[in-house]
1. Applying the selection to the range 23-38, what residues are surrounded by fewer than 13 Cβ atoms within 10 Å (Cβ to Cβ) and either part of a helix (DSSP H, G or I) or touching a helix residue (DSSP H, G or I) at 6+ places or on another chain (Cβ under 7 Å) (or both)?
2. Could you tell me which numbered condition residue 57 fails, if it satisfies all but one of (1) modelled with pLDDT under 80; (2) part of a helix (DSSP H, G or I); (3) loosely packed, with under 11 Cβ neighbours inside 10 Å?
3. Taking the stated definitions as given, is residue 91 modelled with pLDDT of 85 or more and either at positive phi or touching a helix residue (DSSP H, G or I) at 6+ places or on another chain (Cβ under 9 Å) (or both)?
4. Does residue 34 qualify as being farther than 29 Å from residue 79 by Cα and modelled with pLDDT under 85?
């Protein structure tokens, strides 16, 4: 069945599946809005409403987590996010990643 579906349909299905764990996360962390904002932006992107040049940033952030390990990734990831947001790329959408 998956082979018969187009890419957008599969992406929307995956995003829809993410809503249940997101609801559970928000019960535990009601003041943390970044995951919901991320999901909403991804849905808007999948519907073609916004364009996000996120391939490289997501790859780099994932690479930092793998390189530094789960216990020490936070500082280098935060530094890279600030770099994306404030200096190099001026990515307005990256603001939701900041701890504000």
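The values are calculated or read from the model by the stated rules, or taken from the named source; none is laboratory data. Just so you know, these numbers come straight off a predicted model, no measurement behind them. Neighbour counts are summed over all protein chains in view; Cβ atoms, including those assigned to glycine, are modelled from backbone coordinates with ideal geometry.
1. So the first thing to find is which residues in the range 23-38 are surrounded by fewer than 13 Cβ atoms within 10 Å (Cβ to Cβ), and the list is 23-24, 27-32.
Result: 23, 24, 27, 28.
2. Unmet for residue 57, out of (1) modelled with pLDDT under 80; (2) part of a helix (DSSP H, G or I); (3) loosely packed, with under 11 Cβ neighbours inside 10 Å: (3).
3. Numbers: modelled with pLDDT of 85 or more: no; either at positive phi or touching a helix residue (DSSP H, G or I) at 6+ places or on another chain (Cβ under 9 Å) (or both): yes.
Spelling it out, it is not the case that residue 91 is modelled with pLDDT of 85 or more and either at positive phi or touching a helix residue (DSSP H, G or I) at 6+ places or on another chain (Cβ under 9 Å) (or both).
4. Working: farther than 29 Å from residue 79 by Cα: no; modelled with pLDDT under 85: yes.
No, not satisfied.
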